[in-house]
Amino acid sequence: CCGSNFRLETTIQFPAPAKGSCVLWGDPHVSTFDRSLAADKAALPILGMYDSGDFWLVKSAWVGIQGRYGPTRWSGGLSALLSLAVGGPFLQGHTLVIEPMDGGKVTWDGEEILQDMPSEFFIKGFVNISFHGDGRRLIDKAQGNFPLNIITAHLPKNTYLTVNRWARHLDAIIAMSQQPGGQDGHCGNFNGDPLDDTKELIQQRVDAVAAEDSLFASPAPGGAVNELTLDDCKAEVRDEAERLCRQTDAEATRDMLDACVFDVCFGGRQYAVEDEVE
């Protein structure tokens with residue numbers, strides 16, 4: 001009772017934030033953070049973000065990652081990931097922008113970096129960004145016969161980027177931990193529930209980047225994107241596309257197969273190879 005020195009101490013342990021990855025490729029198709037951690041990925045959709053403009057891939061209080069989508073000459077008017085921009089408080093006001101190989105650059109605060117391959121941009125204890133041709137960093141596994149131009153970026157807050165720079169578009173993997181206070185964007189809200197990351201729900205929550213929030217140095221170029229579905233693909237072309245896609249990846253899920261068939265139907269036979277995604 002009185003005068004007692006007895007004291008009860010308790011320690012509350014909170015679970016560590018989950019780590020996941022978001023993959024963007026092709027038109028672009030998106031595999032969300034929550035999908036990357038799901039036990040049964042085959043039951044979960046691949047998102048087809050067939051839009052044009054600047055969109056949030058990751059939007060949180062600390063980390064901002066934006067993707068610029070638009071048509072290219074090779075894509076038959078379909079959209080692709082044309083540029084990637086990273087900024088926010090976790091980069092202390094700095095901005096990293098990655099563009100494709102033909103006429104594109106990699107910039108830090110608007111200044112070109114990584115002009116030669118291999119090369120490295122390094123700020124001790126802060127960022128490490130490299131440009132190389134390491135085949136182990138392929139996003140599309142079957143592209144080993146194509147020249148590789150790969151950016152890897154080790155950034156604060158356990159954020160890592162792997163970007164394949166093709167002639168006119170990018171494929172990207174964003175790996176990171178769940179963000180304190182939550183996050184959202186085309187990569188999903190990373191709340192452990194993949195079912196609330198449908199295209200429709202994501203677009204209701206957060207979608208296009210407001211002009212005042214853009215991390216890009218210039219406005220998104222105009223250009224109409226063809227709104228197509230698999231129903232617009234001729235039956236004989238679709239059958240051949242499915243044969244090619246199954247031949248490339250016999251274990252593909254239905255969603256992965258449909259994504260590949262879509263790309264082959266409207267982008268060309270090379271997508272049967274390009275769509276075997278890691």
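Regarding Gly110, is this residue over 15 Å from the mean Cα position of the chain (by Cα) and at positive phi? Outline the logic, then answer.
Values: over 15 Å from the mean Cα position of the chain (by Cα): yes; at positive phi: yes.
Judged against the criteria, Gly110 is a match.
Which of the residues belonging to segment 36-57 are assigned to a loop (DSSP other than H, G, I, E, B) and over 16 Å from Leu195 (Cα atoms)?
Our first condition is that a residue be assigned to a loop (DSSP other than H, G, I, E, B); within segment 36-57, this holds for 38-40, 44-46, 49-52.
The answer is Met49, Tyr50, Asp51, Ser52.
Taking the criterion of being within 23 Å of Ala220 (Cα to Cα) and in contact with a Phe, Trp or Tyr (Cβ under 8 Å, 6 or more places away or on another chain), would at least one residue in segment 119-127 satisfy it? Write out each step before concluding.
Just the residues of segment 119-127 that are within 23 Å of Ala220 (Cα to Cα), to begin with: none.
No; the residues of segment 119-127 include none that is within 23 Å of Ala220 (Cα to Cα) and in contact with a Phe, Trp or Tyr (Cβ under 8 Å, 6 or more places away or on another chain).
Do we have Thr162 as over 16 Å from Pro100 (Cβ atoms), modelled with pLDDT of 90 or more and β-branched (Val, Ile, Thr) here?
Details: over 16 Å from Pro100 (Cβ atoms): no; modelled with pLDDT of 90 or more: yes; β-branched (Val, Ile, Thr): yes.
No: the conditions fail for Thr162.
Being in contact (Cβ under 8 Å) with a residue 60 or more places away in the chain, in contact with a Lys or Arg (Cβ under 9 Å, 6 or more places away or on another chain) and closer than 19 Å to Tyr160 by Cα is the filter here, so list the residues in segment 92-107 that pass it.
Val97, Ile98, Glu99, Pro100
Being modelled with pLDDT under 90 and touching a helix residue (DSSP H, G or I) at 6+ places or on another chain (Cβ under 6 Å) narrows it down to one residue among Val225, Val237; which is it?
Checking each option against the conditions leaves just Val237.
Which of the residues that make up segment 62-120 are outside any strand (DSSP E or B), of a type in the set (S, T, N, Q) and within 18 Å of Leu170 (Cβ to Cβ)? Let's see the steps before the verdict.
As a first pass, look at segment 62-120 and keep what is outside any strand (DSSP E or B): 62-63, 72-78, 88-95, 99-105, 109-110, 114-118.
If we keep only those that are of a type in the set (S, T, N, Q) as well, we get 72, 75, 92, 95, 115.
Residues satisfying the conditions are Thr72, Ser75, Thr95, Gln115.
Filter segment 165-193 down to residues that are in a strand (DSSP E or B) and at pLDDT 95 or above, then give me how many there are.
Start the filter on segment 165-193 by keeping residues that are in a strand (DSSP E or B), which leaves 165, 170-177, 183-184.
Next, only the ones that are at pLDDT 95 or above stay: 172-177, 183-184.
Within segment 165-193, residues that are in a strand (DSSP E or B) and at pLDDT 95 or above number 8.
When you scan segment 3-17, do you find a residue that is touching a Leu at 6+ places or on another chain (Cβ under 8 Å) and modelled with pLDDT of 70 or more, even just one?
So far as segment 3-17 goes, no, none of its residues is touching a Leu at 6+ places or on another chain (Cβ under 8 Å) and modelled with pLDDT of 70 or more.
Just to be sure I understand, how many residues within segment 36-82 are farther than 17 Å from Phe262 by Cβ, out of contact with any Pro (no Cβ under 8 Å at 6 or more places or on another chain), small (Gly, Ala, Ser) and surrounded by fewer than 23 Cβ atoms within 10 Å (Cβ to Cβ)?
5
Regarding segment 87-109, can at least one residue be identified that is more than 16 Å from Ser218 (Cα to Cα), buried (at least 16 other Cβ atoms within 10 Å of the Cβ), among the β-branched types (Val, Ile, Thr) and at pLDDT 95 or above?
No; the residues of segment 87-109 include none that is more than 16 Å from Ser218 (Cα to Cα), buried (at least 16 other Cβ atoms within 10 Å of the Cβ), among the β-branched types (Val, Ile, Thr) and at pLDDT 95 or above.
Is there a residue being within 21 Å of Asp258 (Cα to Cα), modelled with pLDDT under 85 and not in a loop (DSSP other than H, G, I, E, B) anywhere in segment 24-35?
No: segment 24-35 contains no residue that is within 21 Å of Asp258 (Cα to Cα), modelled with pLDDT under 85 and not in a loop (DSSP other than H, G, I, E, B).
The values are calculated or read from the model by the stated rules, or taken from the named source; none is laboratory data. These numbers come from a predicted model, not from an experiment. With ideal geometry, Cβ positions are generated from the backbone for all residues, glycine too; neighbour counts draw on all protein chains shown.
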